Amino acid sequence: MDCGTARALKSWVDSSAKPALSGKGGGLREIKVAAHYACRRRNNSKTGKISEHGRGRAIDISGFELANGSEISVLRDWSAGSSSRALQRMHAEACGPFGTVLGPRANRFHLDHFHFDTARYRNGTYCR
């Protein structure tokens, strides 16, 4: 992971993830990383542009472990349960520290995780 992405991740963890989960199971203990650096194309396709993962500027997060050992899963908890609001808050608040934020509503490739990367666009952030 490059330095800019590491800074964005720390900013998001401190300003969003920790506060969103502070009242659940003793708070955040661990982030479940589904993918980080991987030299590949977008959505693992055979053709097309290199993914931001291949540039060291992206991280995929599939869930969170709380201090009491319980887990929150993006796939399982996004739409239902007591953690849905916290997940949706963390997803929304990633827009800003990260240039691209994708989650379960973005497309079929992101149903089970958050994709955060630091790519920037002329029109600002891309959040879905």
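For the chain, modelled as a GNM whose springs connect Cα atoms under 10 angstrom apart, the maximal fluctuation among 84, 22, 45 occurs at 45.
Could you give the angle, 0 to 90 degrees to the nearest 10, between helix 3-12's Cα long axis and the longest principal axis of the Cα atoms of the chain? It works out to around 30 degrees. Footprinting exposure proxy ranking of 93, 52, 30, fewest other C-beta atoms within 10 angstrom first, gives 30, 93, 52. Annotation: amide H-H contacts under 5 Å for residue 34 (H modelled 1.01 Å from N, sequence separation of 5 or more, or interchain): 60, 61, 62. The residue among 62, 3, 90 whose Cα reaches farthest toward the positive pole of the charge dipole of the chain, with charges on the beta-carbon of Lys, Arg, Asp and Glu, is 3.
Put in line by how crowded their Cβ is, counting other Cβ atoms within 10 Å and starting with the fewest, 13, 74 read 13, 74. Taking 4.7 Å between C-beta atoms as the pairing limit, the chain has these partnerless cysteines: 3, 39. Using the Kirkwood radius built from alpha carbon pairs, what does the Stokes-Einstein equation give as D for the chain at 4 °C and 1.567 mPa s, in µm² per second? D = 88 µm²/s.
Normalising by residue count, the range 51-108 has a Cα convex hull of 108 Å³ per residue. Look at the alpha carbon pairs under 8 Å that are at least 6 residues apart: their mean separation over the length of the chain gives a relative contact order of 25 percent. Using Cα positions and a limit of under 29 Å, work out the lysines in reach of residue 24, with same-chain residues fewer than 8 apart set aside. Within the straight-line limit of under 29 Å, residue 24 reaches these lysines: 10, 32.
How much of the calculated P(r) for the range 27-75 lies past 12 Å, in percent of all Cα pairs? Walk me through the numbers before you get to the answer.
Values: 751 of 1176 pairs.
Beyond 12 Å sits 64 percent of the P(r) for the range 27-75.
The 3J(HN,Hα) values that the Karplus relation (6.51, -1.76, 1.60; θ = phi - 60°) gives for the range 28-42 are, in residue order, 5, 10, 8, 9, 8, 8, 8, 7, 9, 5, 7, 6, 7, 8, 4 Hz. Gly and Pro appear as x.
Any read-out appearing in this document is the output of simple, stated calculations on the displayed coordinates, not a laboratory observation. None of the values given here were measured: they were computed from a predicted structure. FYI the Cβ positions are ideal-geometry reconstructions off the backbone, even for glycines, and counts take in every protein chain you see.
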